[in-house]
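Visitor: This is the structure, below, for whatever I ask next.
Derivation of every value follows stated rules applied to the coordinates shown; laboratory data play no part. No experiment lies behind these values; they were computed from the predicted model shown. Cβ placement follows ideal geometry from the backbone for every residue including glycine, while neighbour counts extend to all protein chains displayed.
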Protein chains: 2
Amino acid sequence: MSSSESVLFLLILGLMLLLARGLGELFRYFKQPMVIGEILAGILLGPTVFGMLAPDIYNHLFNSSAAISSALSGLAMLGVVLLLIVSGLEVDLGVLIRQSKVAGLTSFTGIIFTFIAGFALSYLFPSFLGLPPEKSPLIFSLFIGTSLSITALPVVAKILMDLKLFKSEIGFTVIAAAMLNDITGWIIFSILITQISDSGHGFSPQTTVGLMFAFLLVTLVFGRKFFNRILPAIQKKFSFPGSVLNFIFIVGLAGAAFTEYIGIHAIFGAFIVGIAIGDSAHLKEETREIIQQFVTNIFAPLFFVSIGLKVNFFLNFDFFLTLTLVVVATAAKVTGSALGARAAGMGKLESKAVGFGMNAHGAMEIILGLLALEYGLITERTFVALVIMAIITSVISGPLMSVYAGKIKKLRTLKGLLTPSSIYITTASSKEEIIRELCTKAAAAYRLDEIALRVAVFAREETSSTGLVNGLALPHARITAKEPLLMCAVSKTGIDFDSLDGKPSHIFFLLITPQSMPELQLQLLSEIAKPFSDDELAVRVRENPAGFYPLISSRI
Amino acid sequence: MSSSESVLFLLILGLMLLLARGLGELFRYFKQPMVIGEILAGILLGPTVFGMLAPDIYNHLFNSSAAISSALSGLAMLGVVLLLIVSGLEVDLGVLIRQSKVAGLTSFTGIIFTFIAGFALSYLFPSFLGLPPEKSPLIFSLFIGTSLSITALPVVAKILMDLKLFKSEIGFTVIAAAMLNDITGWIIFSILITQISDSGHGFSPQTTVGLMFAFLLVTLVFGRKFFNRILPAIQKKFSFPGSVLNFIFIVGLAGAAFTEYIGIHAIFGAFIVGIAIGDSAHLKEETREIIQQFVTNIFAPLFFVSIGLKVNFFLNFDFFLTLTLVVVATAAKVTGSALGARAAGMGKLESKAVGFGMNAHGAMEIILGLLALEYGLITERTFVALVIMAIITSVISGPLMSVYAGKIKKLRTLKGLLTPSSIYITTASSKEEIIRELCTKAAAAYRLDEIALRVAVFAREETSSTGLVNGLALPHARITAKEPLLMCAVSKTGIDFDSLDGKPSHIFFLLITPQSMPELQLQLLSEIAKPFSDDELAVRVRENPAGFYPLISSRI
């Protein structure tokens, strides 16, 4: 590089980082993924905006030297390889195995739905989707299908952390399913690549796929064990954390070079090596932190900005194509994933939250799209639509998950549980009769097994009566349910419920909470008991049973 | 980059890091700077060894693609810029100011001596030193002079840490003087560059030098204050540590681009920006750690390995030139720096230790040499000699410092202080007389002010007698000296010293310790008193005063 090339190179790097950070922080301020800001920085700096406004300066900066272009593309290449190593490090095989049933189903149905939707769409309307001339509609449609099935693990993880759902059941499911999606998507994509690309290394597609699975097996089974055994030795004998940083890089680069050599893209190898190393319990937090911070803050922004430098997002923008992709991808992914989660036994609301979580396509989609663009599998028009689809699905994923997470949270409060429809006026006259009646109504409303419910409530009742004071009776039980449920009966005449103060009971709450949330039972019981510090409610229920709901809801 | 280029690029990066780490760890095992191993890795991987043994594979790997070469040189460029930012972050302006007198003198005389030696050598024997054809002998000689005056801060810091001298007076002096050397060397070199290079940006040498000083002033005065003020805001408002990492990079790259633009090399700007940011107390340890680890373990090795890739070290090796450079650089640097340190008031041994510490030329020398090579200022032969000189001076610096540090340490033990020449037979007959005599002898032997010494010892004696038991008297005092001193008199007849057991004293130790080492006094006093648990020594001294040294030295 000459001196003026060096000046330009340094200036460009500085500019890229500055814009990426600036817009990234702006998006972070609005609780959006920073990566969107980084991509926008590239669009601003690239042919779309800067190249349009000041073509001379733009060309001088970016197109005047082959050496600079090569250096920038080398850096971007290294950046995306490192980013995939880091993404791999984030994959937790333990979580994946623990959540295998629900994550497997969620991921599987999600992929199937989006894959079919994407495939059908592009197979039926190839020119609308942008099939490049002389390319196979089959491979193209397979790619669009695969591409729509991607879920971006890093974006999803970030959203879950922001929503404080990362360590919840929803969080574990989404994370594990996203990891499965990523791995599956990459494998399918890698196989697709072998069908279209001429890697120049002389492998037949069958050999490449065979070698890929051999690589997967060797790395994830033997490599994983080997890394886990060798890491403590490296940390002990060599300088720390330097030698571990180098080890991860060297093995990651070797894996990347190998997969690129056999005809699959380098980042597949980097990702798999990252998973294998990241699984080791010996990999220290400090090492992860250094790699993660440096890669996500320096290399990743350089890569994401470089995307915007490649394509004119304005000229290649197709509103209807983008809209179609967003709608189809979202509909198929949310429905598919939610159905899978529900089939695996998750609650209704959780399943929906999981579905929206899985819909964040994020950076992974964009990387896949970029590769497809480089392989000539898609045109710039489709690429731009995919990028914008990835951005939009990532942006809406958080707020929509948060809506459902909010609903779930509300369901666990007395205010959320007590609705007019959960209160009825009873004519029952005995303790046994009112308990049976409450159980029947509750089982019907929440679709539970009535017998099991009744057994649990009567068993609890036998240990001591739940007839409290001031007309309140509070039969309750804990069963293996997903969410709490509440049923309330009011009686004008009153029923003998063996209450503590010997008076007849007028208001009966049946509270059923999940076995898994013992503290929730205590909390809800005390919330219900609070308004009964005197017999006002019982007196007023005797006068006007139908007026109980407004009465109680103003007091909780 | 095509797929096969990507494979090669990733393989080369992996190989570079693997060899660099392997040899680096080997050197570390032998307590040598890792950077030497990294440079050797480049020599092995480059034309010198690999290129000789397997020229076909070598050429396929390194010379088959312009894109790969550009990407590698871009990475190496970024690597050295980042390395200089980190080096700048390590410069502690506080230490520099606190140690300004001694460090200033040490650095100044060191630079003057080596500069004159290097300049004279190359001005007198230009062809032996390798003056390139049609180049100015004056500029060439100025460069060799400058180059020989360099001290490599990172290497020196590492050596001092290894020797556990980092926080000692020697350590502070060497570090501060090395920082001054670096800054001075870079300024001189930058001015030299303006004389020879045609930067293509149309500045006259005078303008460039003027802009350079303006940049220095603005960055180190206003920039430093600005960074210190803005850092807490960045850490508070933006994501941490990502935004700070980016901030350092962006400002560093901007500084680098600016200095490159005005006709000085980019790394000068990076270095100065590093100093200005690193001076802020708000820069957190975590941020420093992430940058430092990543740059020294990933970017720096890539840069150092790339040096070996540029030049054939075997074909360009000139034994006599290398030997001459090593001898002249070492002789001039050690003498000059030691004289400076001595003149600033350091002890004899410390000054020598400082001198050898300042002689580590390390990475800075190599970077300077590489730039000179790129500017055509020196030939490959001189470059190779400079690199090897830098390696040798760095390797010998540690062991030689350690010899002097060992001597200094030994001087602080009773064994080191008690020599045959520090013992004499006295004929004094009174307490006052023997103290005066001891002070006279001690002052003569250690070149101290006799009056001051006597005043201090008598003052101590007045608080309570130091005549102990079993014939031992231990007059002592603390003065503002650099090192402890010991003088011992034995008396056949014995002297009344107001001893604790009332018996006459036969053995008199005068112990003078520095004010700054209160714990040393206690330690040495108790060491001296130990062999006097009975009156055996006093009895044997009465029999044979001349035999005291073998007697006492076998008991301590």
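Visitor: Over the whole of B:259-272, what's the average partner chain Cβ count within 10 Å per residue? Rounded to a whole number, please.
Guide: 2
Visitor: Still on this structure, please answer the following. Distance between Cα centroids, the stretch B:95-135 to the stretch B:271-319: provide it in whole Å.
Guide: 23
Visitor: Follow-up question, since we're still on this one. Suppose we keep just the DSSP beta bridges with both residues in the stretch B:414-553; what percent of those would be antiparallel, to 5? Don't skip to the answer; put the middle values down first.
Guide: Values: 8 of 17 bridges.
Close to 45 percent.
Visitor: Antiparallel DSSP bridges in chain A: what percent, to the nearest 5?
Guide: 45
Visitor: If contacts are Cα pairs under 8 angstrom and at least 6 residues apart, what is the relative contact order of the stretch B:1-52 in percent? Display every interim value, and only then the final one.
Guide: Numbers: 37 pairs, mean separation 14.2, N = 52.
Normalised by residue count, the contact order of the stretch B:1-52 is 27 percent.
Visitor: Based solely on its DSSP helices, what 222 nm [θ] is calculated for chain B when runs of n ≥ 4 H residues each add -39,500 (n - 2.57) and the sum is averaged over all residues, nearest 500 deg cm²/dmol? Don't skip to the answer; put the middle values down first.
Guide: Details: 27 runs with 383 residues, N = 556.
For chain B, the value works out to -22500 deg cm²/dmol.
Visitor: Exposure proxy check: A:427, B:466 ranked by fewest other beta carbons within 10 Å? Walk me through the numbers on the way to the answer.
Guide: Values: A:427 11, B:466 26.
If I rank by nearby Cβ atoms, fewest first, I get A:427, B:466.
Visitor: Taking a ≥ b ≥ c as the square roots of the Cα gyration tensor eigenvalues, with a/c under 1.5 meaning rounded and otherwise prolate when a/b beats b/c, else oblate, which class fits the stretch A:295-396?
Guide: Numbers: a/c = 2.67, a/b = 1.74, b/c = 1.54.
Since a/c reaches 1.5 and a/b is larger than b/c, the shape of the stretch A:295-396 is classed as prolate.
Visitor: Round to the nearest 10 and give me the degree value, 0 to 90, for the angle of helix A:153-162's Cα axis relative to the longest principal axis of chain A.
Guide: The angle comes out at about 40 degrees.
Visitor: Suppose we keep just the alpha-carbon trace of the protein assembly as shown; what are its Rg and Dmax in angstrom?
Guide: Answer for the protein assembly as shown, Rg first and Dmax second: 39.5, 125 Å.
Visitor: Helix B:242-261 sits at what angle to the longest principal axis of chain B, using alpha carbons and giving 0 to 90 degrees rounded to 10?
Guide: Between the helix axis and the principal axis of chain B, the angle is about 70 degrees.
Visitor: With r defined as the distance between the Cβ atoms of residue B:281 and residue B:168 and R0 fixed at 30 Å, what FRET efficiency is calculated, to the nearest 0.05?
Guide: 0.80
Visitor: Going by the alpha-carbon gyration tensor, a ≥ b ≥ c the square roots of its eigenvalues, is the stretch A:125-272 rounded (a/c under 1.5) or, if a/c is not under 1.5, prolate (a/b greater than b/c) versus oblate?
Guide: Working: a/c = 2.61, a/b = 1.29, b/c = 2.03.
Oblate.
Visitor: Quantify how strongly other chains surround peptide A:15-24 by giving the mean number of their Cβ atoms within 10 Å of each of its Cβ atoms. The partial results should precede the final answer.
Guide: Details: counts 4, 2, 6, 7, 1, 2, 10, 4, 0, 5.
Across A:15-24, the average partner-chain Cβ count within 10 Å equals 4.
Visitor: Taking neighbour counts of Cβ atoms within 10 Å as a proxy for exposure, in what order, fewest first, do B:468, A:551 appear?
Guide: On the way: B:468 20, A:551 16.
Exposure proxy ranking, most exposed first: A:551, B:468.
Visitor: In nm, to one decimal, how far is the modelled label at residue A:314 from the one at residue B:348, with both set 7 Å along Cα→Cβ?
Guide: Each label point lies 7 Å from its Cα, and together they span 7.9 nm.
Visitor: Then there's this: Once the label point is set 7 Å along the Cα-to-beta-carbon vector, what list of distances in nm do you get between residue B:547 and its counterparts in the other copies?
Guide: Inter-copy label distances (nm, one decimal, shortest first): 12.1.
Visitor: Using Cα-Cα distances under 8 Å and only pairs 6 or more residues apart, what relative contact order does chain B have, in percent?
Guide: Answer for chain B is 17 percent.
Visitor: Moving on to the next point. Can you figure out the FRET efficiency of residue B:63 with residue A:546, using R₀ = 56 Å and their beta-carbon distance, to the nearest 0.05?
Guide: Numbers: r = 92 Å, r/R0 = 1.64.
Working from the Cβ atoms, E equals 0.05.
Visitor: In nm, what does the list of distances from residue B:120 to its counterparts in the other copies look like, shortest first, when each label sits 7 Å along Cα to Cβ?
Guide: Label point to label point, same position, other copies: 9.1 nm.
Visitor: Rounded to the nearest 5, what % of DSSP beta bridges with both residues in the protein assembly as shown are antiparallel?
Guide: On the way: 16 of 34 bridges.
Bridges in the protein assembly as shown are about 45 percent antiparallel.
Visitor: Continuing with this model, one more query. Enter the per residue convex hull volume of chain A, computed from alpha-carbon coordinates, in Å³ rounded to the nearest integer.
Guide: Numbers: hull volume 106.0 nm³, N = 556.
Hull volume over Cα atoms, normalised by residue count, gives 191 Å³.
Visitor: Can you give the angle from 0 to 90° between the axis of helix B:205-217 and the longest principal axis of chain B, with both taken from C-alpha atoms, to the nearest 10?
Guide: Here the helix axis deviates by roughly 50 degrees.
Visitor: Could you line up A:64, B:122, B:402 from fewest to most neighbouring Cβ atoms inside 10 Å?
Guide: Numbers: A:64 13, B:122 28, B:402 19.
Neighbour counts put them in this order, fewest first: A:64, B:402, B:122.
Visitor: Could I ask something else about it? Once you've got the Cα coordinates, tell me which of A:158/B:236; B:284/B:409; B:101/B:284; A:348/A:410; B:348/B:492 are over 26 Å apart. Present the calculation step by step, with values, prior to reporting the outcome.
Guide: On the way: A:158/B:236 20 Å; B:284/B:409 35 Å; B:101/B:284 29 Å; A:348/A:410 14 Å; B:348/B:492 36 Å.
In this structure, B:284/B:409; B:101/B:284; B:348/B:492 exceed 26 Å between Cα atoms.
Visitor: Provide a whole-number value for the mean count of partner chain Cβ atoms within 10 Å of the Cβ atoms in peptide A:239-251.
Guide: Working: counts 7, 1, 4, 12, 6, 2, 7, 11, 3, 0, 8, 10, 2.
Mean inter-chain Cβ contacts per residue within 10 Å come to 6.
Visitor: Ordered shortest first, which distances in nm separate the 7 Å Cα→C-beta label point of residue A:94 from those of the other copies?
Guide: Copy-to-copy label distances for residue A:94: 4.0 nm.
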